[in-house]
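The next block holds one structure in the form of structure tokens; read it before the comments.
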Amino acid sequence: MNDKTLRVLTYNIHKGFDAVNRRFVLHPIRDALIAADADLLFLQEMQGEHQRHEKKVLDWPERSHFEFLAEGVWPFHIYGKNAVYNAGHHGNAILSKYPFDYWENINVSPFPWASRSMLHGVIQVPHSTQPVHIVCIHFGLIGKERRGQIRKLCERIDSHVPHDAPLIVAGDFNDWLGQAESLFHDHLGLQEVFLQTHGRYARTFPVWLPFLQMDRIYYRGLQPLSCDRLAHAPWHRLSDHAPLIASFSL
């Protein structure tokens, strides 16, 4: 891999269970992520804690799931809670080969029963003249909720990200109607990397027969090189989403 490129993967890991919630597959997910060899992982539905599962599920890691996935490969990692319940919580995580200068988890949910947040970090990347801003998101299923979250993301970027700074926004947008596109493109100047390299959005859900365009990687201030949907083995036996992996030139 050229050291002047940045390789990015986004993946909804379904809390470490397979698409039909029958098997705990966090260990093969880790193997697949390592083989994908990305510098940055934007991960949604990361299980932060689950007191019942940790007592009953075979091979449940003793440490947090994001620490288990990151060990020995991604030395820098951050986690933000999205949903909190009696047994524990889950949310977004970013795993990085490069150090964070700063990070913050921002609540963007109007509903206490469907908590959503966006995880904003700033990293130092070799060969980049500026810090790179990265945002991991998992938007809501309800259209009105999602539109409000898109507006809050735009406000966050306007207020915290210099317009000339490299920026990547990735995650599970739940935006099969394409509501984000006009604001992201016209207001923020963001481009979606699969759309730019293939002429369409990637269909990533459900993984066994992908037809919904749920997962995306938006960018500005970087040069896209490639983007692929990973729906082949072993990915089709893991989460209910297919991941996207993209490369950018610095």
Open item on the list: Going by average Cβ density within 10 Å per residue, which order do the peptides 7-13, 159-165 take, highest to lowest?
Closed with: 7-13, 159-165
Open item on the list: Suppose only helical runs count, i.e. DSSP H with n ≥ 4. What mean residue ellipticity at 222 nm does that imply for the chain under -39500 (n - 2.57) per run, divided by all residues and rounded to the nearest 500 deg cm²/dmol?
Closed with: -5500 deg cm²/dmol
- [ ] For the chain, report the translational diffusion coefficient in µm²/s to the nearest whole number, using Stokes-Einstein at 37 °C, 0.692 mPa s, and a Kirkwood Rh over Cα pairs.
- [x] 182
- [ ] Please identify every one of the chymotrypsin sites (Phe, Trp or Tyr not before Pro) in region 210-250 that sits in a loop by DSSP and has no more than 10 other beta carbons within 10 Å of its own beta carbon.
- [x] F211
Open item on the list: Exposed loop sites here are GluC sites (Glu not before Pro) in DSSP loop states with at most 14 other C-beta atoms within 10 Å. What is the longest stretch of the chain lacking them?
Closed with: 72-250
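Output the pairs from K97/K144; K55/K81; K4/K97 with a Cα-Cα distance over 25 Å in this structure; if there are none, say none.
K97/K144
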TODO: Report the residue, chosen from L177, L33, L95, that carries the largest GNM mean-square fluctuation when the chain is represented by alpha-carbon nodes joined by springs under 10 Å.
DONE: L177
Open item on the list: Could you tell me which residue out of G88, L9, V20 lies farthest along the dipole of region 5-249 toward its positive end? Charges go on the beta carbon: Lys and Arg +1, Asp and Glu -1, centred on the Cα centre.
Closed with: V20
- [ ] Choose one answer from F42, F24, F139: the residue with the largest mean-square fluctuation in a GNM of the chain with alpha-carbon springs under 10 Å.
- [x] F24
Task: Loop trypsin sites (Lys or Arg not before Pro), region 16-62, which have at most 12 other Cβ atoms in a 10 Å radius of their Cβ (DSSP) - done: R22
- [ ] Give a quick list of trypsin sites (Lys or Arg not before Pro) in region 60-101 that DSSP marks as loop, anything other than H, G, I, E or B, with at most 10 other Cβ atoms within 10 Å.
- [x] R63
Task: Proxy reagent accessibility, fewest Cβ within 10 Å first, across W103, W74, W176 - done: W176, W103, W74
Task: Extended-chain gain in nm, criterion 0.36 nm per residue less alpha-carbon gap, H187 and R23 - done: 54.8 nm
Open item on the list: Just to be sure I understand the model, the point goes 7 Å from the Cα along the line to the Cβ. What's the resulting S64 to I34 distance in nm?
Closed with: 2.1
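Given C-alpha coordinates of region 143-250, what is the ratio Rg to Rh with the Kirkwood estimate of Rh?
Looking at region 143-250, the ratio lands at 0.98.
Computed from the coordinates by the stated procedures, all read-outs in this text should not be read as laboratory data. Fair warning: this is a prediction, and the values are worked out from it, not measured in the lab. Don't worry about glycine lacking a Cβ; one is built from the backbone with ideal geometry, like all the others, and counts go over all protein chains shown.
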